[in-house]
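J.: Handing you a structure now.
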Amino acid sequence: MGAVTRTIEAYNTATDSTNRMHDDTVARTFGFRGGLVPGVDVWAYMTQPCIDRWGERFLTGSTMEARFLSPVYDGELVDVRLDDDGSLTVNGPDGTVCAIGTVQLADALPPVGEVPTASRPDPVPPVTATLLAPGTVLGTLVFPFRQESAAVYLADVRDDHEVYADGAVCHPGFLARQANSVLHLNVELGPWIHVGTRAHHRGLVRDGDVLEVRGRVAAEYERKGHRFVDVDVEVTANGVAVWSAFHTAIWQPRTG
């Protein structure tokens, strides 16, 4: 078949978010050149050659994994490549490997882990390691999926594939965003970094479907001065599982 490649102009969608790692000034204090393009948006870029190759089939029965190795910055042209063996690579304009991953279609996916529902805290407490203890169930997010806002999202992640029908069908990168949301809407984070996700694409989400996003902490640990959290995430649409993931973030980056 041969490799499928997309060249995408990266866009930092999160300059106004509560995660100040996407702000130029704050990100520079951690040694970056500027604000980071969100990992979940780089994830969205990585789905584009998958849709080129498999179309809707990718959205209803596949497993994709990605690790984010180097920052992607606003305005950069990145090359996203899908090879015949299922390898995914994102290269920056200077050839730096920014992300790597794998993808494969699957007739049968692992069963969902049945993460329980929980109420969201009010007010949201400042994050601590104790609040991210393994087994902690995060507060459930519930909201309708709407085409109008989804169309804006598609423009933000530079994706014009017809399979999304101008936002009437949900982009998997939008679901990956919810893995971030179920974390930061339950604990008040400082600057933090999404570093990897392994996800199962299980079904389509359409305009008007009610989404429920559940999360449970799988692990919290220190590595090389950073503090990490792993979260099991499940998303249902009208009660049917459509996406699940093992989502990893640095919730407390080292300084200095």
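Where a number appears in this text, it was derived from the coordinates with a stated rule and is not lab data. What you see is a predicted model, and the numbers here were worked out from it, not measured in a lab. Ideal geometry is used to build each Cβ from the backbone, glycine not excepted, and the neighbour counts take in all protein chains shown.
J.: May I ask you to list pairs of residues, at least six apart or on different chains, whose Cβ atoms are under 8 Å apart, with the first in region 218-229 being at negative phi and the second being surrounded by 11 or more Cβ atoms within 10 Å (Cβ to Cβ) and among the acidic types (D, E)?
T.: From region 218-229, the pairs are A218/D230; A218/D232; A219/D230; E220/D230; R227/E220; F228/E220; F228/E222; V229/E220.
J.: Let me ask something else. Any chance region 70-87 includes a residue that's surrounded by fewer than 16 Cβ atoms within 10 Å (Cβ to Cβ) and under 17 Å from the mean Cα position of the chain (by Cα)?
T.: Within region 70-87, one or more residues are surrounded by fewer than 16 Cβ atoms within 10 Å (Cβ to Cβ) and under 17 Å from the mean Cα position of the chain (by Cα).
J.: If I filter region 92-135 down to residues being of a type in the set (S, T, N, Q) and over 18 Å from H194 (Cα atoms), which single residue comes out as nearest to the chain's Cα centre (by Cα)?
T.: Step one: filter region 92-135 for residues of a type in the set (S, T, N, Q), giving 96, 102, 104, 117, 119, 128, 130.
Then drop every residue that is not over 18 Å from H194 (Cα atoms), which leaves 96, 104, 117, 119, 130.
Details: T96: 21, Q104: 18, T117: 21, S119: 23, T130: 24 Å.
Here the residue is Q104.
J.: Does region 102-113 contain any residue that is touching a strand residue (DSSP E or B) at 6+ places or on another chain (Cβ under 8 Å), under 27 Å from T63 (Cβ atoms), of a type in the set (A, V, I, L, M, F, W, C) and not in a loop (DSSP other than H, G, I, E, B)?
T.: First, the residues of region 102-113 that are touching a strand residue (DSSP E or B) at 6+ places or on another chain (Cβ under 8 Å): 102-106, 109-110, 112-113.
When the remaining residues are screened for being under 27 Å from T63 (Cβ atoms), the result is 102-106, 109-110, 112-113.
Filter again for of a type in the set (A, V, I, L, M, F, W, C), leaving 103, 105-106, 109, 112.
If we keep only those that are not in a loop (DSSP other than H, G, I, E, B) as well, we get 103, 105.
Yes: one or more hits.
J.: Moving on. Taking region 61-98 as the search range and keeping residues that are free of Cβ contacts under 8 Å to residues at least 60 places away in the same chain and assigned to a strand (DSSP E or B), which one is farthest from E9 (Cα to Cα)? Please lay out each step first, then the result.
T.: Taking region 61-98 and keeping what is free of Cβ contacts under 8 Å to residues at least 60 places away in the same chain, we get 69-71, 85-98.
Subset that is assigned to a strand (DSSP E or B): 87-91, 97-98.
Working: S87: 21, L88: 17, T89: 15, V90: 12, N91: 12, V97: 16, C98: 14 Å.
In this case the residue turns out to be S87.
J.: Which members of region 203-226 meet the condition of being aliphatic (A, V, I, L, M) and buried (at least 21 other Cβ atoms within 10 Å of the Cβ)?
T.: Initially, region 203-226 is screened for residues aliphatic (A, V, I, L, M), giving 204-205, 210-211, 213, 217-219.
Matches in region 203-226: V205, V213.
J.: Restricting to region 132-158, name every residue that is among the hydrophobic types (A, V, I, L, M, F, W, C) and in contact with a strand residue (DSSP E or B) (Cβ under 9 Å, 6 or more places away or on another chain).
T.: Just the residues of region 132-158 that are among the hydrophobic types (A, V, I, L, M, F, W, C), to begin with: 132-133, 137-138, 141-143, 145, 150-152, 154-155, 157.
Within region 132-158, L132, A133, V137, L138, L141, V142, F143, F145, A150, V157 qualify.
Quick grid of which residues meet (1) closer than 17 Å to F68 by Cα; (2) within 17 Å of the chain's Cα centre (by Cα):
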| site | (1), (2) |
| --- | --- |
| A155 | no, yes |
| F174 | no, yes |
| R177 | yes, yes |
| G190 | no, no |
| F246 | yes, yes |
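J.: Any idea which of V229, V195 is within 16 Å of the chain's Cα centre (by Cα), surrounded by 22 or more Cβ atoms within 10 Å (Cβ to Cβ) and either assigned to a strand (DSSP E or B) or not acidic (D, E) (or both)?
T.: Exactly one residue qualifies, and that residue is V229.
J.: What number of residues within region 1-14 satisfy the criterion of being of a type in the set (G, A, S) and outside any loop (DSSP other than H, G, I, E, B)? Show your work before the answer.
T.: First pass over region 1-14, keeping only residues of a type in the set (G, A, S): 2-3, 10, 14.
So of that shortlist, the ones also outside any loop (DSSP other than H, G, I, E, B) come out as none.
The total comes to 0.
J.: Moving on. For region 122-161, enumerate the residues that are touching a Gly at 6+ places or on another chain (Cβ under 6 Å), under 21 Å from L183 (Cα atoms) and assigned to a loop (DSSP other than H, G, I, E, B).
T.: The answer is none; no residue qualifies.
J.: Under the condition of being polar (S, T, N, Q) and surrounded by 15 or more Cβ atoms within 10 Å (Cβ to Cβ), which residue from region 232-244 is nearest to the chain's Cα centre (by Cα)? It would help to see each step written out before you state the result.
T.: Residues of region 232-244 polar (S, T, N, Q): 236, 238, 244.
Those left that are additionally surrounded by 15 or more Cβ atoms within 10 Å (Cβ to Cβ): 236, 244.
Working: T236: 16, S244: 11 Å.
Among them, the one singled out is S244.
J.: Suppose we keep only residues that are surrounded by 15 or more Cβ atoms within 10 Å (Cβ to Cβ) and among the hydroxyl-bearing types (S, T, Y) within region 110-165. Which one would you say is farthest from V242 (Cα to Cα)?
T.: T136
J.: Taking the conditions exactly as written (out of contact with any Asp or Glu (no Cβ under 7 Å at 6 or more places or on another chain) and of a type in the set (A, V, I, L, M)), does A219 satisfy them or not? Working first, answer last.
T.: Working: out of contact with any Asp or Glu (no Cβ under 7 Å at 6 or more places or on another chain): no; of a type in the set (A, V, I, L, M): yes.
It is false that A219 is out of contact with any Asp or Glu (no Cβ under 7 Å at 6 or more places or on another chain) and of a type in the set (A, V, I, L, M).
J.: Can you tell me which residue within region 15-60, out of those that are among the aromatic types (F, W, Y) and assigned to a helix (DSSP H, G or I), is nearest to V169 (Cα to Cα)? Give the steps one after another, and end with the answer.
T.: Taking region 15-60 and keeping what is among the aromatic types (F, W, Y), we get 30, 32, 43, 45, 54, 58.
After this cut, where a residue has to be assigned to a helix (DSSP H, G or I) as well, the list is 43, 45, 54, 58.
Values: W43: 17, Y45: 17, W54: 16, F58: 13 Å.
Within region 15-60, the match that is nearest to V169 (Cα to Cα) is F58.
J.: V242 is checked against (1) in a loop (DSSP other than H, G, I, E, B); (2) out of contact with any helix residue (DSSP H, G or I) (no Cβ under 7 Å at 6 or more places or on another chain); (3) under 22 Å from Q104 (Cα atoms) and fails just one. What number does that condition carry?
T.: For V242, the failing item is (1).
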